[in-house]
Amino acid sequence: MSQTAEKEPGARFVDRAQYGLAAFLAVAGAYVVYDATTLSAGFSDQALSPAVLPYVVGSALIVLAIALAIATARGDAPEAEAGEDVDLTSGADWTTVSKLVAVFVVNIVLIDVLSWAITGALLFAGCTWVLGSRTPVRDLAIGAVMSVGTWYGFYVGLGIPIPAGILDGIL
């Protein structure tokens, strides 16, 4: 809760950010319902139209948006995280965030050239380095196993052809 609510015991705290989330849910739900109206009818032997699931999901989003707005108006607010390793008074560490963004941008730039199998390992190792790991060889090894494993999972397991890049013929 805010400091204002703590100082004034009788004051009701309204978290205005929850109204923003409710608005986002309502807009997303409305768009999903609208988009469902553009779907084709499907085949005559289908018990349900292809639009049934989007209607259900969109309607559920709208209902949740209304429920969140009502709960917010009543003063319900989520509790702040009380984790022992979280300092709620400190601001965001923008240096770490910018380093993580840089690692992701490098991955985006190199993925077409090097392939996911290589850039995935670099992405994992880069993120662990930014977040404080000091074992780059282990991080690269774990990243390589994970990225090659996910590459094979998509390519062989799901049948989704992911380009191998410079490893074409090896993977």
Point to revise | Residue identified as closer than 30 Å to Q18 by Cβ, loosely packed, with under 11 Cβ neighbours inside 10 Å and not hydrophobic (A, V, I, L, M, F, W, C) among T96, T89 | key: T89
Check your understanding: Going by the conditions given, is V156 in contact with a helix residue (DSSP H, G or I) (Cβ under 8 Å, 6 or more places away or on another chain), outside any loop (DSSP other than H, G, I, E, B), among the hydrophobic types (A, V, I, L, M, F, W, C) and modelled with pLDDT under 95?
Key -> no
**Study point:** D35 part of a loop (DSSP other than H, G, I, E, B), modelled with pLDDT of 75 or more and surrounded by 11 or more Cβ atoms within 10 Å (Cβ to Cβ)
**Key:** no
Review point. What is the number of the single condition among (1) surrounded by fewer than 14 Cβ atoms within 10 Å (Cβ to Cβ); (2) over 21 Å from G149 (Cβ atoms) that F104 does not meet?
Key: (2)
Study note, to complete from the structure: Checked A65, A77 against criteria (in contact (Cβ under 8 Å) with a residue 12 or more places away in the chain, surrounded by 14 or more Cβ atoms within 10 Å (Cβ to Cβ) and part of a loop (DSSP other than H, G, I, E, B)); the one match is A77
Point to revise | Subset of the stretch 144-171 (residues that are closer than 20 Å to L122 by Cα and among the aliphatic types (A, V, I, L, M)) | key: A144, V145, M146, V148, I162, A164, I166, L167, I170, L171
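The values are calculated or read from the model by the stated rules, or taken from the named source; none is laboratory data. Since the structure is predicted, the reported quantities are computational estimates derived from the model, not experimental observations. Positions of Cβ are backbone-derived with ideal geometry, glycine not excepted, and every protein chain shown enters the neighbour counts.
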